[in-house]
């Protein structure tokens with residue numbers, strides 16, 4: 001095999017590796033985010049350990065809605081400080097300003 005053939009084969013190999021890494025990038029990044037909680041993907045547990053730690057965490061609440069949905073939506077308290085492992089109950093207020101029923105869906109977002 002001459003020098004040009006080896007160079008072409010090497011470049012084709014590099015190109016194949018780059019294509020494979022590009023194809024795997026999205027699933028690998030999704031898996032990374034699920035494991036680490038990076039990028040707004042929260043780690044969730046199926047059950048509690050029952051242990052409440054002395055360390056506290058401040059949780060802030062926000063409410064955003066599409067302006068075309070003629071309603072007001074806001075948290076009743078802006079933040080709550082809880083101990084890690086402790087359960088807390090918070091309330092939101094939703095007021096429909098239109099003359100017909102409106103349905104909305106609540107979704108959460110986590111920022112570090």
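Observations
- Spin-label pair residue 16/residue 57, simplified geometry with 7 Å Cα→Cβ offset, distance in nm: 4.6
- Relative contact order (%) - the chain, alpha-carbon pairs under 8 angstrom, separation at least six: 21
- Rounded to the nearest 10 degrees, the inclination of helix 3-36 to the longest alpha-carbon principal axis of the chain is 10 degrees.
- Among 72, 65, a tally of other beta-carbon atoms within 10 Å of each Cβ gives an order, fewest to most, of 72, 65.
- The ranking of 74, 105 by Cβ neighbour count inside 10 Å, starting from the fewest, reads 105, 74.
- Given their separation in residues at 0.36 nm each and the Cα-Cα distance between them, residue 69 and residue 9 gain 15.7 nm when the chain is fully extended.
- Length released on extending from residue 97 to residue 76, taking residue separation times 0.36 nm less the Cα-Cα span: 5.7 nm
We did not get these values from a lab; they are worked out from the coordinates using the rules stated. What you are looking at is a predicted structure, and each value in this text was computed from that prediction instead of being measured. Counting neighbours? That spans all protein chains shown, and the Cβs are built from the backbone with ideal geometry, glycine included.
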